[in-house]
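Visitor: Okay, handing you the structure first.
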Amino acid sequence: MEAAMITFRRLTAGLAAVLLLISSGLAAAQNRDSITVLAAASLTNVMQDIGKTYEAATGKRVVFSFAGSMILAKQIEASAGADVFIAADTDSMDYLQGKNLLATATRANLFGNSLVLIAPADSKTALTISRGFDLAGALRGGRLALANPETVPAGRYGKEALSALGVWDRVKDRLAQGEDVRATLAYVARGEAPLGIVYATDARIEPRVQIVGTFPENTHAPIVYPAALTKDAKPAAEAFLVFLKGPAAGAILQREGFTRLSGQNGVR
């Protein structure tokens, strides 16, 4: 009887091991069949729409992860698994290229954006963005929502613009820093900050905010979104990158307020 029980336990343990191997194999197969895309937080909505359209057209699943561009770049540097990287600036892409972690020939600037000053939808704030404008006074004791300039392109563009306009020093100690541009948007949408700086496309999707003004393009570096395959990307990822450059994705991007770049390799 005891021998039979030992045999049964061994069979049970063996079956469990087999099931674990099958489960692991299926998970690996699913991972091989999907495309993993790491993209800037400002692309959350539009990329999810593009991913659904791509999956419907091809049957290929796209898995997204969104965060600040440099945070994602460091993630790619630290671990394998990403197939496509889409940043909101060239610096983050340059960082990975310098680490030899990209398929450099696939890199292209695909689309652009603009930078805006926002306030809660019910705010009566009226400002004209110009050199020396009274941004500090308009905060009325509150804080300016701005993504972290050290890790998030939107924050860096915002700092550049405010510096060019001569008002950075007046507000740099009065910031509510978001971990990414969507967190920054949320501060203003919830009324936790009277003003904030985000991309125009972010402001479009949030009914609880209004655009107070648009920063002139000559006050900050051009806002471009470069994309590239990672060095170890799965072969199927190339087709998704091609899709991003095509008319179906282009229509979605333009609908959401992004600017399609023209010229060689998508560079304006």
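Visitor: Hey, among the residues in the stretch 98-127 that are under 15 Å from Glu217 (Cα atoms) and either among the basic types (Lys, Arg) or part of a loop (DSSP other than H, G, I, E, B) (or both), which one's farthest from the chain's Cα centre (by Cα)?
Guide: Filtering the stretch 98-127 for residues that are under 15 Å from Glu217 (Cα atoms) and either among the basic types (Lys, Arg) or part of a loop (DSSP other than H, G, I, E, B) (or both), the one farthest from the chain's Cα centre (by Cα) comes out as Ser114.
Visitor: Can you name the residue in the stretch 195-211 that is surrounded by fewer than 21 Cβ atoms within 10 Å (Cβ to Cβ) and not polar (S, T, N, Q) and, of all such residues, is nearest to Thr44 (Cα to Cα)?
Guide: The first filter runs over the stretch 195-211 and keeps only residues surrounded by fewer than 21 Cβ atoms within 10 Å (Cβ to Cβ), leaving 200, 204-208, 210-211.
Still in the running and not polar (S, T, N, Q): 200, 204-208, 211.
Values: Ala200: 14, Arg204: 13, Ile205: 11, Glu206: 13, Pro207: 16, Arg208: 18, Ile211: 20 Å.
Looking at the filtered set, the residue picked out is Ile205.
Visitor: If you check Ala41 against the conditions, is it touching a strand residue (DSSP E or B) at 6+ places or on another chain (Cβ under 8 Å), touching a residue at least 40 places away in the same chain (Cβ under 8 Å), within 29 Å of Glu217 (Cβ to Cβ) and not aromatic (Phe, Trp, Tyr)? It would help to see each step written out before you state the result.
Guide: Details: touching a strand residue (DSSP E or B) at 6+ places or on another chain (Cβ under 8 Å): yes; touching a residue at least 40 places away in the same chain (Cβ under 8 Å): yes; within 29 Å of Glu217 (Cβ to Cβ): yes; not aromatic (Phe, Trp, Tyr): yes.
Taking the combined requirement at face value, the residue satisfies it.
Visitor: Okay, next question. In the list Arg208, Arg140, Arg170, which residue meets the criterion of being over 22 Å from Ser65 (Cβ atoms) and within 22 Å of the chain's Cα centre (by Cα)? Walk me through it before giving the result.
Guide: On the way: Arg140 fails: within 22 Å of the chain's Cα centre (by Cα); Arg170 fails: within 22 Å of the chain's Cα centre (by Cα).
Answer to the selection: Arg208.
Visitor: How many residues, within the stretch 149-169, are out of contact with any Lys or Arg (no Cβ under 7 Å at 6 or more places or on another chain), modelled with pLDDT of 95 or more, crowded, with 16+ Cβ neighbours inside 10 Å and over 15 Å from Tyr199 (Cβ atoms)?
Guide: The qualifying residues number 2.
Visitor: Lys245 is checked against (1) surrounded by 15 or more Cβ atoms within 10 Å (Cβ to Cβ); (2) within 19 Å of the chain's Cα centre (by Cα); (3) under 30 Å from Arg174 (Cα atoms) and fails just one. What number does that condition carry?
Guide: All conditions are met except number (3).
Visitor: While we're here: Report, by residue number, each residue of the stretch 81-136 that is free of Cβ contacts under 8 Å to residues at least 60 places away in the same chain, surrounded by 14 or more Cβ atoms within 10 Å (Cβ to Cβ) and under 24 Å from Pro207 (Cβ atoms).
Guide: The answer is none; no residue qualifies.
Visitor: Quick check on Met70: is it in contact with an Asp or Glu (Cβ under 9 Å, 6 or more places away or on another chain) and surrounded by 16 or more Cβ atoms within 10 Å (Cβ to Cβ)? Walk me through how you get there before you give the answer.
Guide: Working: in contact with an Asp or Glu (Cβ under 9 Å, 6 or more places away or on another chain): yes; surrounded by 16 or more Cβ atoms within 10 Å (Cβ to Cβ): yes.
Against the criterion (in contact with an Asp or Glu (Cβ under 9 Å, 6 or more places away or on another chain) and surrounded by 16 or more Cβ atoms within 10 Å (Cβ to Cβ)), Met70 qualifies.
The values are calculated or read from the model by the stated rules, or taken from the named source; none is laboratory data. Just so it is clear, the model here is predicted, and its values are computed rather than measured. For neighbour counting, all protein chains shown are included, and Cβ atoms are generated from backbone atoms with ideal geometry for every residue, glycine included.
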